[in-house]
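Worksheet: the structure to be examined is printed underneath.
What follows is calculated from the coordinates using simple rules that are stated; it is not laboratory data. The structure displayed is predicted, hence computed values, not measured ones. Note that we place each Cβ from the backbone using ideal geometry, even for glycine, and neighbour counts take in every protein chain shown.
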There are 6 protein chains.
Amino acid sequence: MRIVVANVNTTEAVTEAIRQQAVKVASDTTEIVAVTPDFGAGSVEGNFESYLAAVAVMDRVSRLEEPFDAVVLAGFGEHGKEGLAELFDVPVVDITEAAAHTACLIGRRYAVVTSLRRTLGQIHDRLQLIGLTGRCAALRAAEIPVLELEADEDRAATRIVEEARLAVEDDGADVILLGCAGMAGLAERVEAEVGVPVVDGVAAAVSLAEALVNQNLTTSKRAYPTPQPKPLKGWPLG
Amino acid sequence: MRIVVANVNTTEAVTEAIRQQAVKVASDTTEIVAVTPDFGAGSVEGNFESYLAAVAVMDRVSRLEEPFDAVVLAGFGEHGKEGLAELFDVPVVDITEAAAHTACLIGRRYAVVTSLRRTLGQIHDRLQLIGLTGRCAALRAAEIPVLELEADEDRAATRIVEEARLAVEDDGADVILLGCAGMAGLAERVEAEVGVPVVDGVAAAVSLAEALVNQNLTTSKRAYPTPQPKPLKGWPLG
Amino acid sequence: MRIVVANVNTTEAVTEAIRQQAVKVASDTTEIVAVTPDFGAGSVEGNFESYLAAVAVMDRVSRLEEPFDAVVLAGFGEHGKEGLAELFDVPVVDITEAAAHTACLIGRRYAVVTSLRRTLGQIHDRLQLIGLTGRCAALRAAEIPVLELEADEDRAATRIVEEARLAVEDDGADVILLGCAGMAGLAERVEAEVGVPVVDGVAAAVSLAEALVNQNLTTSKRAYPTPQPKPLKGWPLG
Amino acid sequence: MRIVVANVNTTEAVTEAIRQQAVKVASDTTEIVAVTPDFGAGSVEGNFESYLAAVAVMDRVSRLEEPFDAVVLAGFGEHGKEGLAELFDVPVVDITEAAAHTACLIGRRYAVVTSLRRTLGQIHDRLQLIGLTGRCAALRAAEIPVLELEADEDRAATRIVEEARLAVEDDGADVILLGCAGMAGLAERVEAEVGVPVVDGVAAAVSLAEALVNQNLTTSKRAYPTPQPKPLKGWPLG
Amino acid sequence: MRIVVANVNTTEAVTEAIRQQAVKVASDTTEIVAVTPDFGAGSVEGNFESYLAAVAVMDRVSRLEEPFDAVVLAGFGEHGKEGLAELFDVPVVDITEAAAHTACLIGRRYAVVTSLRRTLGQIHDRLQLIGLTGRCAALRAAEIPVLELEADEDRAATRIVEEARLAVEDDGADVILLGCAGMAGLAERVEAEVGVPVVDGVAAAVSLAEALVNQNLTTSKRAYPTPQPKPLKGWPLG
Amino acid sequence: MRIVVANVNTTEAVTEAIRQQAVKVASDTTEIVAVTPDFGAGSVEGNFESYLAAVAVMDRVSRLEEPFDAVVLAGFGEHGKEGLAELFDVPVVDITEAAAHTACLIGRRYAVVTSLRRTLGQIHDRLQLIGLTGRCAALRAAEIPVLELEADEDRAATRIVEEARLAVEDDGADVILLGCAGMAGLAERVEAEVGVPVVDGVAAAVSLAEALVNQNLTTSKRAYPTPQPKPLKGWPLG
């Protein structure tokens, strides 16, 4: 099967890191197509940028020429899943929901450790729409900007481990979600140090996309009806 | 004070109807500036179109040259409030939240009567983020497309009254929200026939925006932090 | 329009302070009629006193001879709104609900800072009935009795600022509600020191009452039916 | 032990019916003292009357001269429990909460069948404060005024059975609560016809009051602090 | 009446302690029959052991030859209530639900102090099924194994008091539940030191069972239908 | 990888049907080991039988000699997941949670169509523990006993389709869960007739188990701690 993994920011290096993470977890017979939006922010760290990303991802994916079997929206806490689910019949998996559902299968209460505190509100919103805030023990931020996560991976890991420990010890979490697509490579390290399972959203989303395709499940069009054919001024934007 | 009222679709006639509704409820000293997005759908009836509208409205309002005291997002159940709230310091009032909060002041349980069933999911999402689903008795659709609401106002009123009655009799609602900016002129008529208060989102949002400005209240930047200065590829889009 | 603002305690000085706060935020064309109950406690700091106040306010307002367009119940966390809403057709706005709904328009999560810890339970009850506990980050008390708030305003402000800061830093609040009608004059000062918007209940309620009247909205009699005509032993009590 | 059972309306015949119901379920060693408020409505069918009753009951019970071990507030869906709990150290049991907690012990989801639809809102409020709306399948009204329940007991029973059946068949209830102190004698009859357990609030409250006294449990003063000594204008009212 | 009180572990000394606690609170006319399961763990401290206990208790109680009027499941946070409720027509009261419902009658928010942290998850699950997590302030563990509670009662009391104090001071609890049948004798001591009511589950369950029997209430068979007659391989197991 | 799929009833034919369903969806490199409990009911249709099944499955799986990578608990709405999760380090996936989480990825609101109404309560309990009742539109029963599902597959399909249609049309569901392991083969047929995605629990659980193993995720031992070594009277039972 072919899974499109869409980065939400315009930074090609992040797209490549996400692609590698996706490939690592995917089955041998799964082809990963990683795409970068044509417009928007180099790192998405707020709702304004996230809405822009939602449109940029819809724009980019809808212009793909080859067919695909599933779409992964690879931005943690970002907008856009409902729009993609309307545009396509294939399953669309958002890494936020993928990580949260996965965590619920292996633990009781999860915590999210993300990049910047300024994004906690929108992460909370996504979890609320998913309906899994009741199993969320805490939302924590390492206070490291997205693009610095890879610049100094050691510092990033140290800060994430600190917050993850507090989430486990003080907040009662028993699973940690890495709340940023750019943290893709750090799961094992954090897990080794904190001692509870750590879920990476990109890996979770690719695995769940495969699971859905293997079950021949598609997006419910009753839930996400295909847009009616109508002229759209200025669309596509890219 | 000056309030910007942003239509979410590209249809100027709808913008004009919204403007008239806003002017009707506003104080004499309030100036209404109604704007139409430069791109997007002629009527917003789904998440894909709504995300596009969110960005188009942010694009349009951020290019306004004159200062303003508040922004009203005049699309019922549409995306975008959080982005606008980040971009500006002045209060941003979404007509969905305005109508829901207003209904809670005068009744116990409200119902929404909107245009098309296909938009119920996203209206539900907005109400869930607002935190007022617990007081929502029902979401109902008249199954009339947005642009036909004004084409045949009698038929629209008849259908809305039918659904509103069911919401009151069967679902236990005691206040009705008109779930579409294009229904602006119908509130009195529905109220007269159904016998419970009917809240129009545009009127509610303009009134609440005035209330916030009168209290010198602004958007909490702790909740909606101003975007960090960073280059945005392709922005503004319009 | 004419808005009746009802103090819940029998202390005329508090009524006057509330009146001034109401006048300050009201439009030029709004007349504020402040009333004091004829019986009850000099300060309402518990459910027993609050139930007494609820009846005293209903008693007082129902004996008013001039017509009015709205009623503001100016006691934070106090009982009575549902009774007033049954007695009158005009909108009745409780300052607790007014403050909570207003906070939700400009932020994500609010905290209440009130006078005494002993009143937190009843404040929680009111917020639960309103349906907005899900957006409440914390209920905190400055531990200053109501009537001492004005006696030593500096100490009051200092203590309120301390608790407000903890609500923001530790509890994640991004808007503060002053949880006592007697704190009316302190909003600006607390806002300046804590750096998030501060909502005063009296100002919020007067503004929302104006907003409702401007929209021609009245209490839903389906939600709050007018009492049936029947003899009431001993009523009115005042 | 001595249990005070307080009727909420001023009709002595209802007090006597409640007393008989209380005596029927109480242990041999329990003395029932039934009291009638000195002011208020002959039947309580709304919030205005209910607030008045709350104060009248507090007034009446606080003037009792003999000591007592528990208080039962015998009005379904009525205000006042929190005030009584502040005034006295002994347990105070409201028949609404007694019935709801009792139902949860023997079934999964309960329904309330009360007198008039106009009281459903306040019953809902009480259940929400108790925290058991999640186990409430339905609130239904027989549409028979309180004082007619005893005038024509057959008609009352017939109507209550009809609504109880709908609650079981359509709403999924498996226990029925009789939502009015005046329905005290009808439980067995309804149970025989509908086939699920029927809980009478007065019986439930007396039994739970006995249970609390037997466990030496008293009201938590941390939850319901004793009113501070302060002059109360016009109190007691009776 | 005769009440069967079923210990969940195989330790006879615990059964005897539970029996004494039950006898202490029961009416003179109530006979307590305490039973010990024939298989399972000497102390139940986890879900695996708890499921085993659920079956062992059903096995043991269903082999009783004398009739009984109610069953008390005397394991805090343990599985099994729903199975017992299906097997018998008489009321079945689980000490977890008994303690939680009792606490809600006398306070606003309760906390549980149990033996080991490893059992907090299953206690949370039971409270969630009961529907009273909304009134739970905290779940805390003294970190003392069940069988050591009686070995060194002083140390147990000290640790429980410490956690109970934190629950009251830091978490806002106003009633404490002793979250382990083996803590039966410590309620008075903890109450004296912490200053809020302390509920013992066994006492609460026996009292509520008496209350239900006194009201002639039985298990709702609509909620817990009697098992259909069918061959069961290997049953009974004991 | 090797996945153990545990039937909850003692009927070998059901085990074989479940095994075939599991094999159908599993990857080529996944080995399915289907097991049948040694004691219990031929069909599990209630809590008593379900608790027995929980223990029988734990008993059976813990006596397996070959290693395995995941366990699937193949009973819809049945007890036991938490016990299995304590006993083993590998992921344990219950088909109820698997189906519910899967449904949430492809739709907004799911409905369950199960065998008998008498099992709806326990299905509701499981969904509540999972935390996904907020996204559940309805629980419906075809009123066909488990063992008759395969005896007359046409009748079963007809009845399931009828209930599924009502769930979509009346209750607002947009995804259907087949609420019984014995319905394994009917998903495609129901989907074709009802027009929304239909999730089979066994297929979902096997796919999710594969997804977890592919991500190297194991059960959080912080959430489900390994039982402490202690003598267990009579264990194993089989």
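Size descriptors for segment B:174-219, from the alpha-carbon set: Rg then Dmax equal 12.7, 38 Å. Remark: segment B:3-43 is approximated by an ellipsoid whose semi-axes, taken from the C-alpha gyration tensor as √(5λ), come to 21, 9, 5 Å, largest first.
For chain D, a Gaussian network of Cα nodes joined below 10 Å ranks D:GLN128, D:GLN228, D:GLN21 by mean-square fluctuation, and the top entry is D:GLN228. For E:GLU12 and A:ASP171, a Förster radius of 45 Å and the Cβ-Cβ distance give a FRET efficiency of 0.65, rounded to the nearest 0.05. Please determine, in degrees from 0 to 90 and to the nearest 10, the orientation of helix B:120-130 with respect to the longest principal axis defined by the Cα atoms of chain B, where the helix direction is its Cα long axis. That works out to roughly 60 degrees.
In a simple Cβ point-charge model (Lys, Arg +1; Asp, Glu -1; nothing else charged), chain E has a dipole of about 820 debye relative to its Cα centre. In the protein assembly as shown, helical runs assigned H by DSSP with n ≥ 4 each contribute -39500 (n - 2.57); averaged across all residues and rounded to the nearest 500, the mean residue ellipticity at 222 nm is -13500 deg cm²/dmol. Rounded to 0.05, the FRET efficiency of the A:ALA151 and F:SER27 pair, given R0 = 41 Å and the Cβ-Cβ distance, is 0.60.
What's the magnitude of the charge dipole for segment C:96-201 around its Cα centre, counting Lys and Arg as +1 and Asp and Glu as -1 at the beta-carbon? Answer in Debye, nearest 20. Value, rounded to 20: 440 debye.
Percent of C-alpha pairs per 10 Å bin in segment D:147-238, short distances first: 14, 30, 23, 20, 12, 1. Just report the Cα centroid separation between segment D:1-37 and segment F:155-208, whole Å. Rounded to whole Å, the Cα centres lie 54 Å apart. Here the calculated FRET efficiency for D:GLN20 and C:LYS230, from their Cβ-Cβ distance with R0 = 35 Å, stands at 0.90, rounded to the nearest 0.05. Given +1 at the Cβ of Lys and Arg, -1 at the Cβ of Asp and Glu and no other charges, the dipole of the protein assembly as shown around its Cα centre is 0 debye to the nearest 20.
Considering all different alpha carbon pairs of segment F:96-201, the Kirkwood hydrodynamic radius works out to 13.1 Å. Within segment A:60-99, the ratio Rg/Rh, alpha carbon atoms throughout and Rh by Kirkwood, equals 0.95. Counting every other Cβ atom within 10 Å of each residue's Cβ, D:ILE176, D:ILE130 order from fewest to most as D:ILE130, D:ILE176.
Which entries of A:LYS81/B:LYS233; E:LYS230/F:LYS81; B:LYS81/B:LYS221; D:LYS24/D:LYS81; E:LYS81/F:LYS230 show an alpha-carbon separation above 20 angstrom in the structure shown?
As for pairs spanning more than 20 Å Cα to Cα, those are A:LYS81/B:LYS233; E:LYS230/F:LYS81; D:LYS24/D:LYS81; E:LYS81/F:LYS230.
With N as its number of residues, chain F has a Cα radius of gyration that, divided by 2.2 N^0.38 Å, comes to 0.96.
According to the square roots a ≥ b ≥ c of the eigenvalues of the Cα gyration tensor, what is the shape class of segment E:57-129, taking rounded for a/c under 1.5, prolate for a/b larger than b/c otherwise, and oblate for the remainder? Working shown, then result.
Details: a/c = 2.64, a/b = 1.68, b/c = 1.57.
Note, shape of segment E:57-129 comes out prolate.
Among B:VAL168, D:VAL72, which comes first, then next, by fewest other beta-carbon atoms within 10 Å?
B:VAL168, D:VAL72
With viscosity 1.306 mPa s and temperature 10 °C, the Kirkwood radius over alpha carbon pairs of segment C:1-136 converts through Stokes-Einstein to a diffusion coefficient of 104 µm²/s.
Distance distribution P(r), the protein assembly as shown, all Cα-Cα pairs, bin width 10 angstrom from 0: 2, 9, 16, 22, 22, 17, 9, 3, 0 percent. By the count of other C-beta atoms within 10 Å, a proxy for reagent exposure, B:MET1, F:MET183 are ordered fewest to most as B:MET1, F:MET183. Counting only Cα atoms, the size of segment B:1-75 along its three principal axes is 37, 23, 16 Å, in decreasing order.
Of the residues F:THR226, F:GLY46, F:HIS101, the one whose Cα sits farthest towards the positive end of the charge dipole of chain F is F:THR226 (charges of +1 on Lys and Arg Cβ, -1 on Asp and Glu Cβ, taken about the Cα centre).
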